[in-house]
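The values are calculated or read from the model by the stated rules, or taken from the named source; none is laboratory data. Not measured: the values here are computed from a predicted model. Neighbour counts are summed over all protein chains in view; Cβ atoms, including those assigned to glycine, are modelled from backbone coordinates with ideal geometry. For the accessible areas, the whole protein counts, side chains as well, though only heavy atoms, and no ligand, DNA or RNA atoms are used. Shrake-Rupley method; radii C 1.70, N 1.55, O 1.52, S 1.80 Å.
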Amino acid sequence: MTGCKGIKMDYLIKKLEDNIDLSIDDANKLYDLDLSVLGKAAQKIRLEKFGKKTYFNINRHINPSNICKDVCKFCAFSAHRKNPNPYTLSIDECVEIAKNAYKKGAKEVHVVSAHNPEVGYDYYMNIIKEIRNELPDIHIKAFTAAEVNFFSGLSGKSYSEVLEDMAKAGVDSMPGGGAEIFDEEIRAKICKGKVSSENWFKIHEIWHRMGKKSNVTMLFGHIENRIHRIDHMLRVRKLQEKTGGFNAFIPLVYQRKNNYLNVKKFLTGTEILKTIAISRILLKNVPNIKAYWVTTTLNLSLVAQEYGANDIDGTIEKESINSAAGAESSKGLQLYELVSLIKDSGFIPVERDSLYNEIKYY
Ligand code: V47
């Protein structure tokens, strides 16, 4: 059997069939395989781990400010020439949003902010403390490694001290943002000055060693190539071998509007599905692969359930970061919609909590 480029790939397919962990060289050849071959191998792993269950949660995103000291070229959310609407929510406003979401059934708030130096370190910690005071049961998933790095600079505290403060304030787990693409050259071109790849991993490693869980994302479909994506996944695999602290890998499809990257090419659906399938194959040690419907689109995330993905994130209620760049996600999704879409595509919708404990089968 051959791959897309006519390269003899029988030995690689055999390794996939035998579920053998792949070397860097083999991993770099995966994209040359046909989508159907990758899909079959990824789906085998997904079905063994989860059967036909697809996870989602009922959550609410809160973005306290869009004023940012960083200048990531792909970002349409932070206030700049293409998005001239700066805002900073008060702590009370953040708490009110969380309380309203909780009343409507949200079990998680996902708090991520732009890096606004004007409001000070205590503002960020107090948002968490106040939400925790008002809502002792809600899961607070908050602050990416990029924010931890920013908080460290702002306060003069070490990463460990910032992470301890976050945990004391009430953060339960960390989201996977700020990972972008780990290759240092590409990173310098798209988000110079942001947390380095090395420090992104350092922060997650410290968090994991505190007994906490986190996620990891990968922003793709911009100026990176396939080798950079494989390298990104293998770096994740390596830390996971050491700590086991990642809950989910989340490939984020780059959205092109209102930002300064000026990418002309479009990713095909095949390339997106191949990337999801490859992540399932290479990251056997990360339990969950999330096809985040916001950037994958709803339709393709439903298809991705057949290519290794077992999670499609949640109802979200209000989404600001990706919708600013063109994603159709500003108002989130209704629970009944999410459930019936998963059911109609032949899978079993299972509401999970933020740590992937099952809450309800639909
Ligand atoms: O780090 C910014 C990305 C991320 C664009 O952990 C963009 O459960 C696409 O990390 N096109 C923040 N993506 C969102 C995030 C996340 C989302 C959902 C779930 C979880 C989780 C984490 O959004 C940023 C950046 O990589 N982003 N701009 C854009 N134009």
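So which residues in the stretch 335-346 are in contact (Cβ under 8 Å) with a residue 12 or more places away in the chain and either outside any loop (DSSP other than H, G, I, E, B) or open to solvent by less than 10 Å² (accessible area, probe 1.4 Å) (or both)?
Once the filter is applied, which keeps residues that are in contact (Cβ under 8 Å) with a residue 12 or more places away in the chain and either outside any loop (DSSP other than H, G, I, E, B) or open to solvent by less than 10 Å² (accessible area, probe 1.4 Å) (or both), the stretch 335-346 yields 335, 338, 339, 341, 342, 343.
Looking for something more than 10 Å from the ligand (Cβ to nearest atom), in contact with a helix residue (DSSP H, G or I) (Cβ under 7 Å, 6 or more places away or on another chain), within 21 Å of residue 45 (Cα to Cα) and open to solvent by 20 Å² or more (accessible area, probe 1.4 Å) - is there at least one such residue anywhere in the stretch 327-334?
No, every residue in the stretch 327-334 fails to be more than 10 Å from the ligand (Cβ to nearest atom), in contact with a helix residue (DSSP H, G or I) (Cβ under 7 Å, 6 or more places away or on another chain), within 21 Å of residue 45 (Cα to Cα) and open to solvent by 20 Å² or more (accessible area, probe 1.4 Å).
Take the stretch 137-167 and flag every residue that is over 21 Å from the mean Cα position of the chain (by Cα) and part of a loop (DSSP other than H, G, I, E, B).
Within the stretch 137-167, 137, 156, 157, 158 meet the criteria.
Out of the stretch 222-231, which residues are open to solvent by less than 30 Å² (accessible area, probe 1.4 Å) and either away from the ligand (no atom under 15 Å from the Cβ) or within 13 Å of the chain's Cα centre (by Cα) (or both)?
Once the filter is applied, which keeps residues that are open to solvent by less than 30 Å² (accessible area, probe 1.4 Å) and either away from the ligand (no atom under 15 Å from the Cβ) or within 13 Å of the chain's Cα centre (by Cα) (or both), the stretch 222-231 yields only 230.
Looking at the stretch 168-199 only, could you name the residues that are in a helix (DSSP H, G or I), of a type outside the set (D, E, K, R) and more than 10 Å from the ligand (Cβ to nearest atom)?
Within the stretch 168-199, 169, 186, 188, 197, 199 qualify.
For residues that are in a helix (DSSP H, G or I) and open to solvent by 10 Å² or more (accessible area, probe 1.4 Å), scanning just the stretch 294-324, find the one that is farthest from the ligand (Cβ to nearest atom).
303
Return only the number of the condition from (1) surrounded by fewer than 22 Cβ atoms within 10 Å (Cβ to Cβ); (2) touching a Lys or Arg at 6+ places or on another chain (Cβ under 9 Å); (3) of a type outside the set (Val, Ile, Thr) that residue 90 does not satisfy.
(2)
Please count how many residues of the stretch 253-278 are within 14 Å of the ligand (Cβ to nearest atom) and open to solvent by less than 30 Å² (accessible area, probe 1.4 Å).
7
Which number in (1) surrounded by 17 or more Cβ atoms within 10 Å (Cβ to Cβ); (2) away from the ligand (no atom under 12 Å from the Cβ) marks the one condition that residue 118 misses?
Failed condition: (1).
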